[in-house]
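Report on one structure; see the data block that follows.
Values quoted throughout were computed directly from the atomic coordinates according to the rules given, and no laboratory measurement underlies them. Fair warning: this is a prediction, and the values are worked out from it, not measured in the lab. So basically every Cβ, Gly included, is an ideal-geometry build from the backbone, and we count neighbours across all protein chains shown.
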Amino acid sequence: MSTDQLSCDLDLAPHGSETGMTALALGSGAFLALVALPVLPYLVLLALPLGVAAITSGVRALRRGVAATSARFASVTGITLGSLGVLGWAGLMALWYLAERAISH
C-alpha cells in the first residue's frame with residue numbers, strides 16, 4: 001500500500017471545487033466537543049484542534065471562491081462554529097486557571 005492510499009483527504013469535492021462541508025463538519029465537531037463538557041470533560045480538549053481546522057478549512061474554501069450559496073453558508077457556519085469552539089476552549093482554560101489560583105490561595 002502506498003502512502004497516497006493511506007492519506008486522509010478532507011476535501012469532499014474533487015480538486016478545488018470546495019463545498020464548505022469540511023469546515024461545517026469540523027466546526028460542528030468543535031462545538032459538540034465543547035458542549036460535551038458535563039458528560040465527557042476531556043473531550044473539550046478536542047475543541048481547539050477541531051476549531052482551528054474548521055476555521056482554516058472555511059477560510060480556504062472562501063478564498064478559493066465557492067460558487068453555490070449553500071457552500072458559502074456551510075463555510076461561514078463552519079467558521080462560526082469553529083470559532084465558538086476555540087473561544088469556548090480558551091474561556092474554559094482561563095476559568096480553570098483562575099479557579100486553581102483561587103483555591104491555592
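Placing dummy labels 7 Å off each Cα toward the beta-carbon, the span from PHE73 to TYR97 is 3.9 nm. Placing a label point 7 Å from the Cα of ARG64 along the Cα-to-Cβ direction, the residues of region 19-36 whose backbone N falls under 19 Å from that point are 19-28. Listed values for region 39-44 are Karplus-derived 3J(HN,Hα) couplings in whole Hz (6.51 cos²θ - 1.76 cosθ + 1.60, θ = phi - 60°), namely 8, 10, x, 6, 5, 4, and x replaces Gly and Pro.
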